[in-house]
Amino acid sequence: MQKLESLREYLETPKKIVITTHFKPDADALGSSLGLGNYLKKKGHQVNLISPSDYPEFLNWMEGESEVINYEARKKKKSQKLIQEADIIFCLDFNCLNRINELGELVRVAPALKVLIDHHLDPEQFADFELWSTNAAATAELVYELIIRFNDRQYIDQSIAECLYAGIMTDTGQFKHPNTTKNIHLVTADLIELGADIAKVGRYIYDNNSLDRLKFTGYALSQKLKVLKNLRTAYFWISADDLKKFNSKTGDTEGLVNYALSLKDVVFSAVIIERPEAVRLSLRSKGGFSVNDFARDHFSGGGHPNAAGGVSDKGLEETVADFERIVKQYEKQLNRNFKKTNKHEY
Ligand code: 5GP
Ligand code: MN
């Protein structure tokens with residue numbers, strides 16, 4: 001693993017750069033990527049951002065968003081050429097190459113220098129440089145750190161500050177998850193100092209619902225939420241038909257999992273959802289119950305201790321049955337965790 005100092009030296013002359021991030025990018029994935037990309041452009045580099053898929057419309061306000069290449073949307077040839085010809089490929093907010101689907105193999109075999117900037121557990125070893133820390137609340141925090149370590153704070157303008165702030169605000173659950181450190185508040189304060197309009201970013205991300213999305217949430221809460229009281233667990237199960245009925249768009253189910261976790265007797269929540277490619281699981285927990293371990297051990301996934309995701313190769317009903325059966329095995333652990341969490345012992 002090379003030192004970041006030599007990356008700084010390498011970046012002293014203009015380079016062809018590709019930035020990529022995980023499938024269905026969220027605000028941290030896209031915000032950290034655009035924040036980094038806009039900074040590198042200002043430094044004189046040629047930068048292209050390739051997303052493996054589309055992303056929620058409520059991220060469209062980010063500076064540079066209109067130039068993001070969506071690999072899935074008929075841009076494969078162009079993306080392949082850019083990756084093959086890049087001097088450097090930055091991989092942001094994901095820990096293993098299968099999180100970028102087909103792009104993963106292209107990145108793996110590309111001759112470029114590879115840089116991983118990430119805060120997920122258990123990263124795959126594929127990069128020449130890593131800026132990786134699970135203590136970071138968001139990948140955006142690490143991008144900020146990179147720019148500061150390169151002595152380039154003066155390059156952070158309002159739009160870069162807002163992209164980075166969006167990642168921090170969402171990945172900390174609006175500054176309430178246990179990853180909300182003193183440092184993240186200091187970084188946020190500096191981003192405000194550098195011009196971030198945090199009320200604007202908050203409005204764009206949280207007050208941008210379509211009526212369909214709001215009604216879908218109401219429907220899910222009233223019809224599709226199951227509480228397993230003895231297991232301190234609650235989950236939603238959502239079929240492709242449910243999504244169709246409410247014209248669901250990318251991002252419309254984001255945050256649903258938090259409603260289940262907000263129940264006072266619950267320490268583990270899930271959304272199990274039938275997507276075109278597979279049934280996907282989104283998992284959250286309070287306290288010491290590791291959803292990263294749960295996702296890794298049972299659903300080929302991962303993430304963070306309190307927020308993770310995974311996938312199933314079975315249908316929706318079977319996955320739901322599997323989920324219930326597996327959770328049952330954790331009954332003691334979940335109840336112990338519930339007691340500790342109530343005493344604020346993590
Ligand atoms: P979400 O539930 O919001 O989709 O994802 C929660 C966290 O888990 C995010 O940090 C996300 O990057 C990660 N994650 C989601 N799905 C997967 C997966 O299939 N594999 C891995 N390794 N991480 C995932
Ligand atoms: Mn993140």
**Prompt:** Carbon-plus-sulfur fraction of the accessible area of the chain, 1.4 Å probe, in percent?
**Reply:** 48
**Prompt:** What does the accessible area per residue of the chain come to in Å², with a 1.4 Å probe and no ligands, DNA or RNA counted?
**Reply:** 47
**Asked** Which translational diffusion coefficient, to the nearest whole µm²/s, is obtained for the chain from the Stokes-Einstein equation, given a Kirkwood hydrodynamic radius over C-alpha pairs, 4 °C and 1.567 mPa s?
**Response** 62
**Asked** Viscosity 0.692 mPa s, temperature 37 °C: Stokes-Einstein D of the stretch 14-206 from its Kirkwood Cα radius, in µm² per second?
**Response** 201
**Prompt:** For TYR259 and PHE126 in the same chain, what is the full-extension length gain: residue separation times 0.36 nm, less their Cα-Cα distance, in nm?
**Reply:** 44.3 nm
**Item:** the stretch 293-346 shape via C-alpha gyration tensor axes, a/c threshold 1.5
**Value:** oblate
**Request:** Can you tell me the order of 60-72, 92-104 when each peptide is scored by its average per-residue count of other Cβ atoms within 10 angstrom, highest first?
**Result:** 92-104, 60-72
**Prompt:** So how far, in whole Å, is the C-alpha centre of the stretch 121-141 from the one of the stretch 291-329?
**Reply:** 23
**Fill in**
Taking r as the C-beta separation of LYS226 and LYS77 and R0 as 45 Å, the FRET efficiency to the nearest 0.05 is 0.50
**Request:** Order the peptides 316-325, 302-311 from the highest to the lowest mean number of other Cβ atoms within 10 Å of their residues.
**Result:** 302-311, 316-325
**Asked** For the peptides 150-162, 3-15, what is the packing order when you average, over each peptide's residues, the other Cβ atoms within 10 Å and list the highest mean first?
**Response** 150-162, 3-15
**Request:** With label points built 7 Å along Cα→Cβ from the Cα atoms of THR134 and GLU9, find their separation and express it in nm.
**Result:** 3.3
**Asked** At a Förster radius of 25 Å, what calculated FRET efficiency corresponds to the Cβ-Cβ distance of SER210 and ILE69, to the nearest 0.05?
**Response** 0.45
**Asked** Do the sum for the chain: with -39,500 (n - 2.57) for every DSSP H run of n ≥ 4, divided by all residues, what is the mean residue ellipticity at 222 nm, to the nearest 500 deg cm²/dmol?
**Response** -12500 deg cm²/dmol
**Cα-Cα separations in the stretch 163-285 greater than 25 Å, expressed as whole percent** = 35
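The values are calculated or read from the model by the stated rules, or taken from the named source; none is laboratory data. In this text, all values refer to a predicted model and were calculated from it rather than measured experimentally. Cβ atoms come from the backbone with ideal geometry, glycine included; neighbour counts cover every protein chain shown. Accessible surface areas use protein heavy atoms only, side chains included; no ligands, DNA or RNA. Shrake-Rupley method; radii C 1.70, N 1.55, O 1.52, S 1.80 Å.
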